[in-house]
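Visitor: Following this message is one structure expressed as structure tokens.
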């Protein structure tokens, strides 16, 4: 048997492995995602319990490894959708304690690319936008339970992360959290602080749902930002004493799912142009590479059905503000990281090509008359085997809600019927609540539909 034929076996096996692929995070949760799309939230939770290696929705994993840090966040969204706010808070708090942050400041450019390129090489590190969203979603859990002090603690965690984002020029993210933090401190009697958060919440657009609250707070507290001045139509200073808040129903509707990551291919030449200075090594060695495309994780639409919502209080339509799009914030952050991701992928390709070239030379020297064939097969086999050990990282918080809508309705104390209709392509969901509101109290109704 020729030496080349002996070398072809491992090569064919490696190429077959590449053809069949290794399951990415997106693949592993595909069944659960399909269940979510049809509103089977409890069944989807069972799928995530398998990933967590637990027997019930109340259990947390004994060991935090692999995708479990993410699976507990996915389960938390489903619990919130099922109105288990305490369970959702517990899962999010546990995930928060275990997640590592993708640090834009201290991590070198190559390290950032590596952390989010290969899930076979490292534990998951959450980008700042996801960590910020975690605090926002958890704040909603506290508010839905009427735990204003707990919401304030989460708001302070949110603020710490926002300050970090501002330090890396991502300060306009987190509009949803800023709105909820403003509501929290408004109801805790910290009006000036509430106005500052409301100013941040209106960073992208004027929010009519804040008109009553901002006008009332501005009569007592002096803070004025440009958006508050625009909303008020004046810059008058506050008076000497606070104005008591009214009874109010605040309905927060979280819809759909943020974009997900899937493996995508890009020609090497295009990738080199995009990655620029984030490449380590000499790209010229890729001329001999058998693989002329870069496979990397790309954000794509999640295919969410829940797109819009209408709110009625006491049978009357209540105006709704589209406060935030977390999906847009994630896309914005990802585009900043994309050259680093492509750079990491190319750096790995260069390392593989160098190893393959070494194998080619060694094969030529050992192959005698068949040296060229042996060297070629050795190079291809080495490169294919190294590629098979690496894969683009598609891990992300897949069930994180995409859109957030908020309605605020001042009401008389007493019991009120709240109706929320969620709509989208082929989707019509009706959620109904009876809400008891005491004098001067705000009650938060949370509706989460990640389908």
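What follows is calculated from the coordinates using simple rules that are stated; it is not laboratory data. What you see is a predicted model, and the numbers here were worked out from it, not measured in a lab. Cβ atoms come from the backbone with ideal geometry, glycine included; neighbour counts cover every protein chain shown.
Visitor: Can you figure out the FRET efficiency of residue 270 with residue 60, using R₀ = 56 Å and their beta-carbon distance, to the nearest 0.05?
Guide: It comes to 0.80.
Visitor: Next up: If each residue of separation counts as 0.36 nm, what is the full-extension length gain between residue 205 and residue 277 once their alpha-carbon separation is subtracted?
Guide: Full extension from residue 205 to residue 277 adds 22.3 nm.
Visitor: Continuing with this model, one more query. Going by C-beta contacts inside 10 Å, put 397, 148 in order with the fewest on the left.
Guide: 148, 397
Visitor: How would you rank 270-283, 293-306, highest first, on the average number of other Cβ atoms within 10 Å across their residues?
Guide: Final packing ranking: 293-306, 270-283.
Visitor: Quick one: if you stick a label point 7 Å off each Cα along the C-beta vector at residue 219 and residue 167, how many nm between them?
Guide: 4.1
Visitor: Right, next: Can you tell me the length gained on complete extension of the stretch residue 432 to residue 42, counting 0.36 nm per residue apart and subtracting the Cα distance?
Guide: 138.5 nm
Visitor: Beta carbons within 10 angstrom, averaged per residue: use that to sort the peptides 52-60, 414-422, highest first.
Guide: By packing density, highest mean first, the sequence is 414-422, 52-60.
Visitor: Quick check: residue separation of residue 441 and residue 82 times 0.36 nm, minus the Cα distance between them. What number comes out in nm?
Guide: 126.8 nm
Visitor: Which order do the peptides 176-182, 134-140, 28-34 come out in when sorted by mean C-beta neighbours inside 10 angstrom, highest first?
Guide: By packing density, highest mean first, the sequence is 176-182, 134-140, 28-34.
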